[in-house]
Amino acid sequence: MFSGAERTKRYKLVHPDKVRQTERNYRKSHPQKMKDKKARYYLKHREEIRKKAKEELKNLFNLCLDHYGRSCSLCKSENNLVIDHVGGNNGDSPKNYRTLWVWIIKNAFPFGFRTLCGSCNRLDGLIRHHPLLGGKGIDDILEKMRDRSNYNALFKS
Ligand SMILES: [Zn+2]
C-alpha cells in the first residue's frame with residue numbers, strides 16, 4: 001500500500017490539471033491568507049528578492065545596450081547610459097524604464113531607439129520642451145549647427 005504522501009504525489013502526477021484547478025480555487029477563496037503568505041515570504045526572503053530583481057533589471061538593460069550600443073550615440077560617453085526614444089516618446093512605447101526595456105526586447109529591438117548618456121538625454125528633453133524651439137530635439141539642433149561653417153570651431157576646442 002502507498003502512504004498518504006505517496007498517494008498525493010501520484011495523484012498530482014496523474015491529474016495535474018485537477019490539482020492546479022483545486023489550488024486556483026483555494027487561492028481565489030482565501031485572498032487574505034494568500035496575501036499574508038506572500039507578505040511572510042517577502043519578509044523572510046527580502047534581500048534575496050531585491051538582489052534578484054536588481055540582477056534581472058541589469059540583464060534587461062544589458063540586452064538593450066548589446067543592441068543599441070554601449071556608448072552615447074551623440075557624445076560617445078560611456079557613463080550614465082539610458083535608452084532613448086529618438087524624437088521623444090509619442091505614446092506607443094512604455095514610459096517606465098523597466099517596462100520600456102521589456103517592451104523593446106519583446107518587440108525584437110525596433111528601430112527608433114538609441115543609447116544616450118544622461119547629459120545628452122536631459123539636454124534633448126530640455127531643448128524639446130523649450131517654447132522657442134517648437135518641439136525640436138537635440139538632433140535637429142545639431143543638424144542645424146552642422147550646416148554652419150563654424151560647427152567645428154564650436155565643438156572642437
Ligand atoms: Zn552623450
Of the residues in segment 40-76 that are within 16 Å of the ligand (Cβ to nearest atom) and either of a type in the set (Asp, Glu) or in a helix (DSSP H, G or I) (or both), the one that is nearest to Gly135 (Cα to Cα) is Tyr68
By residue number, the members of segment 77-104 that are in a loop (DSSP other than H, G, I, E, B), within 19 Å of Glu56 (Cα to Cα) and touching a strand residue (DSSP E or B) at 6+ places or on another chain (Cβ under 7 Å) are Asn80
Report yes if some residue within segment 55-67 is surrounded by 12 or more Cβ atoms within 10 Å (Cβ to Cβ), aromatic (Phe, Trp, Tyr) and modelled with pLDDT under 95; otherwise report no. no
Counting only residues that are modelled with pLDDT of 90 or more, under 19 Å from Ser71 (Cα atoms) and aromatic (Phe, Trp, Tyr), segment 86-129 contains a total of 4
For segment 77-108 the number of residues that are within 16 Å of the ligand (Cβ to nearest atom) and of a type in the set (Asp, Glu) is 2
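The values are calculated or read from the model by the stated rules, or taken from the named source; none is laboratory data. As the structure is a computational prediction, the values presented were derived from the model and not from experiment. Because the Cβ atoms are built from the backbone with ideal geometry, glycine has one as well, and the counts that use them run over all protein chains shown.
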